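Heads up: the structure comes next, in structure tokens.
The values are calculated or read from the model by the stated rules, or taken from the named source; none is laboratory data. Keep in mind that what you see is a predicted model, and the values were worked out from it rather than measured. Neighbour counts run over all protein chains shown; Cβ positions are idealised from the backbone, glycine included. What goes into the accessible areas is simple: the full protein's heavy atoms, side chains included, and nothing from ligands, DNA or RNA. Shrake-Rupley method; radii C 1.70, N 1.55, O 1.52, S 1.80 Å.
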Amino acid sequence: MAIRNIVTLGDEVLTKKCRPVEKFDERLHALVEDLFDTLYESGGAGLAAPQVGVLRRVAVIDIDENPIELVNPEIIFTEGSQTGAEGCLSNPGKYGIVTRPQKVTVKAQDRFGEWHEYTGEDLLARAFCHETEHLDGKMFMELVSEWIDIEED
Ligand code: ZN
């Protein structure tokens, strides 16, 4: 397990479409562990593989000590809408207002290849959208209606 460097805005790895995971091997397990380690080190809510320079469809989320690993995730249901502040570890210190679905169901594999469905509301729904979009080379800035200032600890 290791903490990896998070790439920031301007690195073209963030704009590329990631390839599906086909091998659920030790290398994938190490990537998932490293993503969690790097997420916890940075204090964010979610982190996608391209943010550590790996163009594979893998992301991790942890909100309220509920770790979720998303391998080959697909959003299969959305409902409602929410408008609120959003940020990204690849664009540190910047927050913008983004409108997202209020409730999102995502289908994803875990590191062993087992399929799961997760339904989240509020921040978790927002994270499912944000992290899945990273895997298609999209970043939240494109969706920001207004940039805001948030005091950081
Ligand atoms: Zn992000």
Discussion item. Based on alpha-carbon centroids, what's the gap between the range 1-64 and the range 99-145 in Å, whole number please?
Written reply: 14
Worksheet item: How much area per residue is accessible in the chain when the probe is 1.4 Å and only protein heavy atoms are counted (Å²)?
Response: 54
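As a test, work out the antiparallel percent of DSSP beta bridges whose residues both lie in the chain, rounded to the nearest 5.
Values: 30 of 31 bridges.
Taking every DSSP beta bridge within the chain, about 95 percent pair in antiparallel fashion.
Can you compute the helix-only [θ] at 222 nm over the chain? Use -39500 (n - 2.57) per DSSP H run of at least 4 residues, normalise by all residues, nearest 500 deg cm²/dmol. Kindly include the intermediate steps, with their values, before the conclusion.
Details: 2 runs with 30 residues, N = 153.
One gets -6500 deg cm²/dmol as the mean residue ellipticity at 222 nm.
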Worksheet, complete the sentence: The ³J(HN,Hα) series, computed from each phi in the range 52-57 with the Karplus coefficients 6.51, -1.76 and 1.60 at θ = phi - 60°, rounded to the nearest Hz and given as x for glycine or proline, is 10, x, 10, 8, 10, 7
Practice prompt. At 0.36 nm per residue, minus the direct Cα-Cα distance, what do E22 and D64 gain on full extension? Give it in nm, one decimal, please.
Written response: 12.1 nm
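Give me the one-decimal Kirkwood hydrodynamic radius in Å for the chain, with the sum taken over alpha-carbon pairs.
Numbers: mean 1/r = 0.0649 Å⁻¹.
Answer for the chain: a Kirkwood hydrodynamic radius of 15.4 Å.
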Worksheet item: How much of the accessible area of the chain, probe 1.4 Å, is carbon plus sulfur, in whole percent?
Response: 46
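Could you please report the charge total around E22, scoring K, R as +1 and D, E as -1 over all other residues with beta-carbon less than 12 angstrom from its beta-carbon?
Details: positive: R19, K23, R27, R56, R57; negative: D25.
Within the 12 Å Cβ shell, the charges total +4.
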